[in-house]
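Take a look at the structure below.
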Amino acid sequence: MPTFPPLLPGEKLEKVNENISLIRKTDGLTFGTDAYLLAAYVGRSPNSLAVDLGSGTGILPLLLLAREKIGRAVAVEVQAAFGELIARNAALNQMTDRLTPLCVDLRELPSPSLPAECADIVLSNPPSMKADSGKLNPSEAKQIARHEICGDIRDFCRTASSILKYGGKFYCVYRPDRLVDLLDAMRHHGLEPKRMTLVHATANAAPSMVLVEAKKGAAPSLTLTRPLLLTEEDKVTQSEDAKRIYETCSFADFWKV
């Protein structure tokens, strides 16, 4: 196992899979199904530059780089403590030459550090709760991750569009109850939704998340895939679709059906 600086108070080392280990704060941001599915939704482009907006611990670019789905990544994160954590996670997983943390407010992009039309891919798991809605978590990190405090969905889409090359792709996971806001923001900023998948816990459950792929400058034409069911009706057994996606970090076989 690669060497890394000792863990700081309030941190733990977590084994993500056979390829990745992650340092994270015990009372801070975690990762879950949405991160795995978004990484799998990104199309394979081994020579591409990908930018993750609101990267947190850096889990999304780590997953993509470990599977060689992208060539290089920039992890944009507004919180300095998490910018440092991304750098340490890159070192831990021997990816410092391919993963660059950039501590900046995404609303200030593009910038000399991340110029306009530089990226082939942009991805994000943005906050999906309005700044004035719901109960705020005592943790500032969780507030920023869940609520639109440091940018709303239009800010994320504007920045994604500005740093994407023409024809570049934007991948996003979001809450279904705010899907209209997401699609409206995408189109407003020249990102045409091209593929969308609703994710359900079971066949009888309402969708819990939605995955969207948009393309900068594309003509209107949206493919709505069949829904992804995460578990069988017993709510315990992982579905065959979900199992394949987790094993391959890809929706490729799923899209062919």
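All of the numbers you see were taken from the coordinates with simple rules; none came from a lab. Predicted model only: the values in this text are computed from it and were never measured. Cβ sites come from the backbone with ideal geometry, for glycine too, and all protein chains shown count toward neighbours.
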- prompt: Length gain on complete extension for the stretch ALA252 to LEU222, per 0.36 nm per residue less the alpha carbon to alpha carbon distance?
  reply: 9.1 nm
- line: Per the helix-only model, the chain has a calculated mean residue ellipticity at 222 nm (DSSP H runs of ≥4, -39500 (n - 2.57) each, divided over all residues, rounded to the nearest 500) of -8000 deg cm²/dmol
Residue-by-residue Karplus 3J(HN,Hα) for the stretch 191-199, coefficients 6.51, -1.76, 1.60, Hz, glycine and proline x: 10, 8, x, 10, 8, 8, 9, 8, 10
message: Charges at C-beta only: +1 for Lys and Arg, -1 for Asp and Glu. How large is the resulting dipole of the stretch 202-257 about its Cα centre, in Debye rounded to 20?
response: 360
task: State to the nearest 20 debye the size of the charge dipole of the stretch 11-256 about its Cα centre, where the only charges are +1 on K and R beta carbons and -1 on D and E beta carbons.
output: 380
message: At a 10 angstrom cut-off on C-beta neighbours, averaged per residue, how do the peptides 49-55, 82-88 rank from highest to lowest?
response: 49-55, 82-88
statement: In the structure shown, of LYS25/LYS165; LYS165/LYS194; LYS15/LYS69, the pairs separated by more than 23 angstrom at the C-alpha atoms are LYS25/LYS165
query: Near ALA73, within a Cβ-to-Cβ distance under 13 Å, what is the net charge of the other residues, with Lys and Arg +1 and Asp and Glu -1?
result: -1
- prompt: Using alpha-carbon pairs under 8 Å, 6+ residues apart, how would you state the relative contact order of the chain in percent?
  reply: 16
- prompt: For the peptides 228-237, 95-104, 117-126, what is the packing order when you average, over each peptide's residues, the other Cβ atoms within 10 Å and list the highest mean first?
  reply: 117-126, 95-104, 228-237
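Sort the following peptides by mean Cβ neighbour count (other Cβ atoms within 10 Å, averaged over residues), highest first: 213-222, 167-176, 6-15. Present the calculation step by step, with values, prior to reporting the outcome.
On the way: 213-222: 16.0, 167-176: 22.0, 6-15: 10.8.
Top to bottom by mean Cβ count within 10 Å: 167-176, 213-222, 6-15.
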task: Calculate, in whole percent, how much of the Cα-Cα pair population of the chain lies beyond 25 Å.
output: 42
query: aspartates and glutamates within cross-link reach of LYS235: Cα-Cα under 19 Å, excluding same-chain residues under 8 positions apart?
result: ASP34
